[in-house]
Structures are given as structure tokens and as C-alpha cells.
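Report on one structure; see the data block that follows.
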Amino acid sequence: MWARWIAPVLLGLVSFSFVTAKSSTGNSVLVILEPRLDKDNFSKFFSGLEEKGFELTFRSPKDPKPAVLEYDYAQFSHVVLFAPETKSFAADITPQSLVSLLSKNTNLLIAVGPKSTPISTLASEFSLVLPPPGTPLISHFPARSEPATVIPVPVSPSNIFTSASFAPVWFSGVPFAYQSNPLVVPILNAPAESFASDADADSGADALVEAAEKGGEGLWAGSQLGLVAGFQTLNGARATWVGGVELFSDEFFQKELPGGGKPGNQQFASDVAAWTFQENNVLRVDKVEHHRVNETLPGKTYTTNDQIVFTAHISKYNPDIASWEPYSDLTDLQLEFTMLDPHIRTALPPVRGTPGAYSVTFRAPDRHGVFKFVVDYKRKGFTHLHSSTVVPLVPPRHDGYPRFLSAAWPYYVGAISTSVAFVLFSALWLAGDDRVPGGKKTSKTE
């Protein structure tokens, strides 16, 4: 008897352990690892993904199977591309195929290096400009025994990270300059005293400055350079570019910082992967509602100057329980009531006591036409929220106008007085005497 109940319970517990902490888009991960990189050197990073519930599949860049795309269908939910020096790939791994994966909501984690490869040339499509080949990031501060190309980089706070503060992370690789693009999400920037130059000495700095001036990017130095950057497409897919694959290595996970202490590489790599794989900061609009004040059903049409209530229900993905939960922590959400241009733009605050609900009441403009309720929320690090609902706005019916307007009384009085004066004048004219003064009548024969 007990066996009949224990088996389903154990099966449920096992299935729950595999479900929790997965991505909102799936748990299959293809890791493309070039042969010179030993998988065991990244064991902590890969085992951390497997502990979360991800299913990792490994292949080299030149292996034809398993294919990234098959029959124009993405075979994996996420792709990790650790091939910074590979110059020839299998037929299914091309810059075009990687871009098409994003359109199919497959996320990418890509590491590049100082050498020029087909993948590094793809960075410009994501508004990232790499320096000339062979010019990694260099910093002589702080003083340390490691080479100048192995740098401890401070981590700035961001909504991407699960912790408010991070120990510096070890980095070795190339920086990139940001182009103006609102879809780029800076994650880790270079230290202020760092610069890109020759790997063995600083003698290549002058040549690099000349090349930068010709290219128009400016000097490759300072904290404006990026080391890890994300890119989020309008459909929610995410791609993260990392300037050096060593950031994910076991060596950098355990390497002691110059001032002593453990680096933040392991937690940093875990948070970057969680954001890239759409575990964290994933939002969605569940539904929207609109109706007149004191009504509950949505109006098929609205009349000018109606009082309208609009409500949006928003949820956030919780990777700990692998489900969506109502989310009420957005403080800068807005609603636009638009017809070509916004006629009304107003704050959409959360509703107290109703998790995930954001509501506002406003008066429809005195302009009839086809309008839209638009919620368009774009913030770096969060999924873009967009909702558009079309409603017609019509003028009042012939029996919908008030019979008398208090503001029109001067016109009413003017019209009435004119009418009364006309009646009196007509009456006096018709009732007037046609005789000649003096009592004499005129004769027609005279």
C-alpha cells in the first residue's frame, strides 16, 4: 500500500529537482570548446551550470554534430562559444547562423581573444568595436607579481548581479569600445588606469593610438572600455561578449588577489551566465485590462472625455522555483495613450494589495480617432516589456450631449431676445394704422 504512494512522491521530488533553477527558455546548452582549451580547466563553471539543472552538450568548433541549427530550427536553448582563436568552424557555425539563433530566442555566451577570427568580426554587429589584433588589455596597477596582462578588475554594482558588492575579478584578454546602441548592456568595464597595447611591452601604444585615430574610435584606454557586455534583442534573446575566456577558468576562480582574499570570478561568472540564459531579470506582461470608471467590462469603443481605467499585470521569472511570480517592484512604468503621437503619457504605479498589478485612471482626450494603450518599458538589464492595445475613441452620440450648457447662457439669451424682438416688431408692423395724419383720406381720382 505504501509503495503505491511513495513512488509518485519520489518521482515528484526528482522531477522538482530537475525543474528548479532552469532558464525561462529551456535548459539545453551547447558548449563549443576549441581543442586547445581543456574542459577540466573550466570544471567549476560547467559543474555550476549542471548543478542548476542545465544539460550540457560539448563539441569542438569543427565537429558537424550536434548541429546548432537543423531544418531552420534551433536545437539548443543556449550556446556557449569558447573558441577565441579558432579561425575555421563547421558549416553550421557562421556569423549569420549565430545571429539567426537570437531571432529564435536562443541565447549566446561568446568569448573572444586578441586574435582576429570570424567570430570576433561579428562583434561589430552588436555595437562592440574590438582593438587591432594582438593588443590585449594591460595595467600596471596595482603592483603584483602577475604579468601586466593579468588584471584584477573591480566590479561595479548592477541589477544583473545577485550580490550588492563583489570582490575584484581576474581578467586577461581584450577590451572593446561601445557604440551608441540602447540594446547594449555594459556588465564589466576596464579599470581607469588600463589600456590596450602590445602583449610583451608598451612599445606598441603609439601605433595603436595612430590606428585608433584613423579608425575614429579614440584612445583605447580608461574605464570607458568594456570587458564583458551584454546585448538584448527586442524579442528578449540575450548575447554576452567576454573579452577573455580565462575569466571562467578554474585558475582564475582560485587565484588569490594582490591584497589577499578570494576573487569574485566564480560568482561573477555564475551571475553573467544566469543573466545570459534568461534566468534573472526576465519580465513579461501577463495581461492588460481597460474599462470605464464604475464598470468592469472592457469597452468596445470609448467616448471622448470618458474616465478610463487601465491595468497591466506583470510577472517576473523566479529561477529558484522555475515559475513566474507577480512582480510589483517597477517604480518607473508608464502608460501612453497614443494616436500617431502620445496624447497622454502618465505614470503606471503598482496597485497596493494586488501583486503584479499596475493601474491608472485618466480622462480620454477630446479628440476622436483610433488610439492605442501602449506600455513600452526598456531598462538595461531587464527584459523589454511591450504591450499595445487598439481601441476606437468616438465623439458622443446625438443623444449623448447635454441639453443645456451653463457656459452657453449668453448665446441662449441672445438667441431668445432676438426672437422675441422679431415677434414684437412683426406684431407692431402688422397692427399699425395706414391712414394719413389729419384724418383725411387720399382719393385715387385726384
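The values are calculated or read from the model by the stated rules, or taken from the named source; none is laboratory data. Every value quoted in this text rests on a predicted model; they were computed, and no experiment measured them. With ideal geometry, Cβ positions are generated from the backbone for all residues, glycine too; neighbour counts draw on all protein chains shown.
Kindly check whether there is at least one residue in segment 248-266 that is modelled with pLDDT of 95 or more, in the same structural domain as F82 (by TED's automatic domain parsing), aromatic (F, W, Y) and touching a Lys or Arg at 6+ places or on another chain (Cβ under 9 Å). Checked against the condition, which is being modelled with pLDDT of 95 or more, in the same structural domain as F82 (by TED's automatic domain parsing), aromatic (F, W, Y) and touching a Lys or Arg at 6+ places or on another chain (Cβ under 9 Å), segment 248-266 yields at least one hit.
Please identify the pairs in which a residue from segment 41-67 that is at positive phi has its Cβ atom under 9 Å from the Cβ atom of a residue that is outside any loop (DSSP other than H, G, I, E, B) and acidic (D, E), counting only partners at least 6 apart or on another chain. As it stands, the answer is none, since no pair meets every condition given. Tell me the residue from I110, I93 that is β-branched (V, I, T), assigned by TED's automatic domain parsing to the domain that holds T57, in contact with a helix residue (DSSP H, G or I) (Cβ under 9 Å, 6 or more places away or on another chain) and not in a loop (DSSP other than H, G, I, E, B), please. Testing whether each residue is β-branched (V, I, T), assigned by TED's automatic domain parsing to the domain that holds T57, in contact with a helix residue (DSSP H, G or I) (Cβ under 9 Å, 6 or more places away or on another chain) and not in a loop (DSSP other than H, G, I, E, B) leaves just I110.
Only one of these conditions is not met by I6: (1) over 19 Å from F268 (Cβ atoms); (2) surrounded by fewer than 16 Cβ atoms within 10 Å (Cβ to Cβ); (3) modelled with pLDDT of 95 or more. Which number is it? For I6, the failing item is (3). Please find, within segment 71-106, the residue that is surrounded by the most Cβ atoms within 10 Å (Cβ to Cβ) out of those that are within 24 Å of S172 (Cα to Cα) and among the polar types (S, T, N, Q). Among those residues, the one meeting the criterion is T86. Scanning segment 306-353 for residues that are over 16 Å from H290 (Cβ atoms), out of contact with any Leu (no Cβ under 9 Å at 6 or more places or on another chain) and of a type in the set (S, T, N, Q) turns up N318, S323, S328, T331. One residue stands out in segment 287-297 among those that are out of contact with any Phe, Trp or Tyr (no Cβ under 6 Å at 6 or more places or on another chain) and surrounded by 14 or more Cβ atoms within 10 Å (Cβ to Cβ): the one that is farthest from L234 (Cα to Cα), namely R292.
In segment 300-327, which residue that is of a type outside the set (A, V, I, L, M, F, W, C) and not in a strand (DSSP E or B) is surrounded by the fewest Cβ atoms within 10 Å (Cβ to Cβ)? So the residue we want is K300. Flag set for L424, criterion: of a type in the set (A, V, I, L, M, F, W, C) and farther than 30 Å from N181 by Cα.
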